[in-house]
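All remarks here apply to the structure that follows.
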Amino acid sequence: MNYLAHLFLSDGTPASLIGNLLGDFVKGSAVNLYSEEIRNGIDLHRKVDIYTDSHAVVRSSTSLVCAQRRRFAGVLVDVFYDHFLAKNWLEYSKVPLRDFSRNAYKVLQENVDILPESLQRVMPQIIAGDWLGSYQEIDGIDNALKRISARINWTNNLADGIEDLTVNYQQLESDFRAFFPDLISYAATCKNQYKKYQH
């Protein structure tokens, strides 16, 4: 899953929000620099990614990506699913997306000193461009794919992936709706285990 889904699946506490965002930014033993609650968030992020990649519905979604971009199918579907979460946000959350996003940005700003440098560098852009809120719109997803494409060190066609979303829009949204309740349930099980074993 992409940024928005990982933040949504957190416990909502500052430490959990940070941890669930850091899963892609913290490597190796650097995880030990963080508190137990942040480490649990990082662990949940990674478990969510593994669960998502192995889910039959998600695999069905990735099969919709055209052959020329198939190597990026997992990345594309992660971002597409964030679009459908943002678009249908109030079906899953009682807190409006604008308020949720503002809180997440506030938590990141207040804890900037403990964030990895790679996240510190991009954070002003995330907040200024309201990346989380922008996922509601097709243009926001298009911009997200262009940003990801630009971070890859070799020539690629990931930036054109918006075509896969628009061509398969109804099926991808149907897949998301079938998959996301399973993911919410899985994440809840993981979070209950963390609470059980907390010191």
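FYI, it's all coordinate maths here, none of it is from the lab. Note that the structure is a prediction, hence the values are computed from the model and not measured. Backbone-built Cβ (ideal geometry, glycine too); neighbour counts: all protein chains shown.
Working ranking of peptides 63-72, 97-106, 187-196 by packing, defined as the average number of other Cβ atoms within 10 Å per residue, highest first, is 97-106, 63-72, 187-196.
Fully extending the segment from L90 to Q125 would add 10.1 nm, taking 0.36 nm per residue of separation and subtracting the current Cα-Cα distance.
Can you find, among L158, I184, F80, the residue sitting farthest towards the positive end of the charge dipole of region 60-199, where Lys and Arg contribute +1 and Asp and Glu -1 at Cβ? Result: I184. Rounded to 0.05, the FRET efficiency of the Q171 and R46 pair, given R0 = 25 Å and the Cβ-Cβ distance, is 0.35. When the helices of the chain are scored as -39500 (n - 2.57) per DSSP H run of n ≥ 4 and the total is divided over every residue, the value at 222 nm lands at -21000 deg cm²/dmol. Per residue, the average separation of C-alpha pairs within less than 8 Å and at least 6 apart gives region 3-197 a relative contact order of 26 percent. Against the set (i) 48; (ii) 62; (iii) 52, the structure's computed percent of Cα pairs over 22 Å apart falls on (i). Working ranking of peptides 46-55, 139-148 by packing, defined as the average number of other Cβ atoms within 10 Å per residue, highest first, is 139-148, 46-55.
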